[in-house]
1. Can you tell me which residue is surrounded by the most Cβ atoms within 10 Å (Cβ to Cβ) among those in the stretch 231-275 that are of a type in the set (V, I, T) and assigned to a loop (DSSP other than H, G, I, E, B)?
2. Whether any residue in the stretch 15-30 is in a helix (DSSP H, G or I) and under 20 Å from the mean Cα position of the chain (by Cα) is what I want to check.
3. Can you find, within the stretch 309-341, the residue that is farthest from ligand 1 (Cβ to nearest atom) among those that are of a type in the set (D, E) and out of contact with any Pro (no Cβ under 8 Å at 6 or more places or on another chain)?
4. For P206, state whether it is more than 30 Å from N331 (Cα to Cα) and in contact with a helix residue (DSSP H, G or I) (Cβ under 8 Å, 6 or more places away or on another chain).
5. Of all the residues that make up the stretch 275-321, how many are more than 27 Å from G334 (Cα to Cα) and under 17 Å from the mean Cα position of the chain (by Cα)?
6. What tally of residues in the stretch 171-183 results from selecting those that are under 25 Å from L56 (Cβ atoms), in a helix (DSSP H, G or I) and touching a helix residue (DSSP H, G or I) at 6+ places or on another chain (Cβ under 8 Å)?
7. Taking the stretch 83-136 as the region of interest, how many residues are over 22 Å from D301 (Cα atoms) and either at pLDDT below 95 or of a type in the set (F, W, Y) (or both)?
8. Quick one: in the stretch 288-302, which of the residues that are in a loop (DSSP other than H, G, I, E, B) and within 30 Å of S32 (Cβ to Cβ) is nearest to ligand 1 (Cβ to nearest atom)?
Amino acid sequence: NLKQLIDTLERDQKLSSEEYALLIESRSAELSEYLFEKARRIREQHYGTDVYLRGLIEFTNYCKNDCYYCGIRRSNKNAARYRLTKEQILFCCEEGYRLGFRTFVLQGGEDGHFSDTVLIEIIRAIKSRFPDCAITLSIGERTAESYRAYYEAGAERYLLRHETADPDHYSKLHPESMTLASRKQCLWELKQIGYQVGCGFMVGSPGQTTAHLASDLIFLQELQPQMVGIGPFIPHHDTPFAKEPSGTAELTLFLLGLIRLMLPAVLLPATTALGTIDPMGREKGILAGGNVVMPNLSPRDVRDKYLLYDNKICTGDEAAECRHCIEGRMNRVGYQVVVARGDSKLINQES
Ligand code: SAM
Ligand code: FES
């Protein structure tokens, strides 16, 4: 009985990979509603109806990697490349702080221009100017020494999606130079250093099967991350996956619900990609157990250059517009954005 499996997941916070696969395969609108109702209840036990804001600063779209799905991949000669200066990044934080953001997410391609020295200077500058804010990094794979140096400079959180927990599937999404083993190693190192860590994956990426998704969920069970970022795969016209179909909001929402039951105190964003394939995607993500939104703080003149996939929302909006838009969207479904760092209520066991 499928509802009983969901009850078991709620009680034990784990299932077997076969059980996850069965739930995913046999899901229905009725089962989803049963799941979401529980997911909302659990999320409210830990976080009430608060929604945490993260200000996303997309500070470089240069990337040395060539992931087949990504619009800013190295081989995309049509991408207009840009980098923000430290002053521009601080200006985004300034604006963000005024708008009530207390977490800044520095995200970018894997860009060697941002050496450890440059990054540490940026992290220190943000920390000294905004001591009550948290800094999240999302800059891909670096050495453990580099991760440690950023942590010591004041970055406390790190987002690195594992993308898929199946090694063969991983090699269908990435060139040979990238391996799942090294992704996973980075995640364990980040955790060990003491970061609040976020992993995650795309839903509906080319070649993804139910068994792959079940492995993703088992990997979350093992890693016990403080954050999980999932969103639908959406094709980008200048990539090898241009003609592949998008993932669905429906499956993404179902997985969000399962993740909330597995990791009751997890920080779970309703992502921009979810808002891109469904105009009500972010609201639905919150109603499926999510508790984080990540509006864009990047300067408007670079927004349409950080195009990971086609039709990305909010590329023409000012930070203030997104901030107010999100506030309204959350209020209309019974939640409210809060001015807070929004730390994980899960202690990092490794630190
Ligand atoms: N370079 C850093 C990294 O690899 O973690 C951060 C930037 S990377 C562009 C951020 C995330 O965007 C990836 O982890 C991936 O899951 C997501 N992404 C890239 N292309 C996408 C696409 N076509 N559809 C949906 N999500 C995509
Ligand atoms: Fe950007 Fe709605 S969040 S316009």
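The values are calculated or read from the model by the stated rules, or taken from the named source; none is laboratory data. Values in this document were obtained by computation on a predicted structure and should not be read as measured data. Quick reminder, even Gly has a Cβ in these numbers, built from the backbone with ideal geometry, and neighbours come from all protein chains shown.
1. Only one residue tops the list, namely V266.
2. So far as the stretch 15-30 goes, no, none of its residues is in a helix (DSSP H, G or I) and under 20 Å from the mean Cα position of the chain (by Cα).
3. Initial filter on the stretch 309-341 (of a type in the set (D, E)): 310, 317-318, 321, 327.
Still in the running and out of contact with any Pro (no Cβ under 8 Å at 6 or more places or on another chain): 317-318, 321, 327.
On the way: D317: 20, E318: 22, E321: 23, E327: 25 Å.
So, considering only residues that are of a type in the set (D, E) and out of contact with any Pro (no Cβ under 8 Å at 6 or more places or on another chain), the one farthest from ligand 1 (Cβ to nearest atom) is E327.
4. On the way: more than 30 Å from N331 (Cα to Cα): yes; in contact with a helix residue (DSSP H, G or I) (Cβ under 8 Å, 6 or more places away or on another chain): yes.
Considered against the rule, which asks whether it is more than 30 Å from N331 (Cα to Cα) and in contact with a helix residue (DSSP H, G or I) (Cβ under 8 Å, 6 or more places away or on another chain), P206 comes out as yes.
5. 5
6. 1
7. 1
8. Initially, the stretch 288-302 is screened for residues in a loop (DSSP other than H, G, I, E, B), giving 288-291, 294-295, 297-299.
Now drop any that are not within 30 Å of S32 (Cβ to Cβ), which leaves 288-291, 294-295.
Details: A288: 18, G289: 20, G290: 16, N291: 20, M294: 11, P295: 16 Å.
Looking at the filtered set, the residue picked out is M294.
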